[in-house]
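This report refers to the structure that appears directly beneath it.
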Amino acid sequence: MDETFRIFASIATAIVIEAAPFLALGSLLSAVVEVFVSPERIARFTPKGLLSRVALGVSAGVVLPTCECGVVPVARRLLKKGAPGSSVIAYLLAAPIVNPVVLASTYVAFRGSWLMVGARAGVAVIVAGAVALLATRLLGSDLLRSRAGDDGHGDHAHAGSRLLHVWLHAASDFLEMGKYLVLGACAAAALKTFLPAETFGILEGSDVAAVSGMMVLAVLLSVCSEADAFVAASFVMFPAAAKLAFVTIGPMVDIKLLGLYAVTFKKTLFWKLVLVPLVLVFGLCLLFGVLA
């Protein structure tokens, strides 16, 4: 029992250590947005058309490389600043996958397979765009949960320089989001520790079973998107479609993100951020398995 607990503790600690720097980076980036980016500036650079706004959000994921561990505080801050929901949701789901660091790691992990790199980016763009269009058409612009203390970030005007304001905002966001990261890491560690090894043998029978199983595994393991391609590539017994499912659903829906989504967004948006990617990734990866 002591050995099992040590394994659990070491896995949970490793997940937190892996994810915490990215959450800190995301919190810092969100603080920079809060202090230096005005609502007027966001409005000035926001295109009018809905499709253009979605395209802007996906493109921002390329130039603002943020993994899933840090993207939620950035998205929340952008919404509070008045950025259109369609752009922010597209950025939220696409950025952890389409950013250059993740695509480069995918290329290396899959031994120079441009097909896998392109498929991963393509599925991410389709899913991010679809969720953004669906959510904003049905929900409008009111996407954030109202919480006590949400308006307290602006109370630091007496603190001095803008740089100090940035650190105050970053620390507040990091501490607020960090507790949900720890809870998610503990849940993922428990599953890694106690999931029977023979479970994987059940998934090898068909593409449907393999894709479904790898999606569930990605959600449960909560591997950061910078490293998940190496984990997926190690499952040599599974078809490419299942590996693609692992590296596309994980950065959009995993245990860490479920907690962050739940405390950040309204319940109706929460379910769209979870269910729509699950359905679309499943279907698109099965299609990839047929066509590839």
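The values are calculated or read from the model by the stated rules, or taken from the named source; none is laboratory data. Keep in mind that what you see is a predicted model, and the values were worked out from it rather than measured. Cβ coordinates were reconstructed from backbone atoms using ideal geometry, including for glycine residues, and neighbour counts include every protein chain displayed. All accessible areas refer to the heavy atoms of the entire protein, side chains included, with ligands and DNA or RNA removed. Shrake-Rupley method; radii C 1.70, N 1.55, O 1.52, S 1.80 Å.
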Any hit, the range 70-87, residues being surrounded by fewer than 24 Cβ atoms within 10 Å (Cβ to Cβ) and of a type in the set (S, T, N, Q): no
Filter pass, Ser10 being closer than 25 Å to Arg137 by Cβ, surrounded by fewer than 21 Cβ atoms within 10 Å (Cβ to Cβ) and at pLDDT 70 or above: no
Which numbered condition Ser38 fails, given (1) small (Gly, Ala, Ser); (2) at pLDDT 85 or above; (3) under 21 Å from Leu144 (Cα atoms): (2)
Yes/no for Leu164 being part of a helix (DSSP H, G or I), open to solvent by 60 Å² or more (accessible area, probe 1.4 Å), modelled with pLDDT under 80 and within 30 Å of Ala9 (Cβ to Cβ): no
Output for the range 223-237, where each listed residue is open to solvent by less than 10 Å² (accessible area, probe 1.4 Å) and more than 10 Å from the chain's Cα centre (by Cα): Asp228, Ala229, Ala232
Qualifying residues in the range 171-184 (those that are open to solvent by less than 10 Å² (accessible area, probe 1.4 Å) and out of contact with any Lys or Arg (no Cβ under 7 Å at 6 or more places or on another chain)) - the one modelled with the lowest pLDDT: Met177
Lone qualifier among Ala210, Ala233 - being touching a Phe, Trp or Tyr at 6+ places or on another chain (Cβ under 7 Å) and more than 30 Å from Ala20 (Cβ to Cβ): Ala210
Per-region count, the range 233-242, residues touching a residue at least 60 places away in the same chain (Cβ under 8 Å) and closer than 11 Å to Ala119 by Cα: 1
The range 262-285: number of residues that are within 14 Å of Ala130 (Cα to Cα) and either in contact with an Asp or Glu (Cβ under 8 Å, 6 or more places away or on another chain) or open to solvent by less than 10 Å² (accessible area, probe 1.4 Å) (or both): 4
Helices (runs of 4 or more DSSP H) contained in the range 209-276 and holding at least 1 residues within 21 Å of Val88 (Cα to Cα) and touching a helix residue (DSSP H, G or I) at 6+ places or on another chain (Cβ under 9 Å): 240-249, 255-264
Of all residues making up the range 212-222, the number that are in contact (Cβ under 8 Å) with a residue 12 or more places away in the chain and either open to solvent by 30 Å² or more (accessible area, probe 1.4 Å) or under 14 Å from Ser105 (Cα atoms) (or both): 2
Meets criteria (in contact with a strand residue (DSSP E or B) (Cβ under 7 Å, 6 or more places away or on another chain) and either free of Cβ contacts under 8 Å to residues at least 60 places away in the same chain or open to solvent by 10 Å² or more (accessible area, probe 1.4 Å) (or both)) for Leu139: no
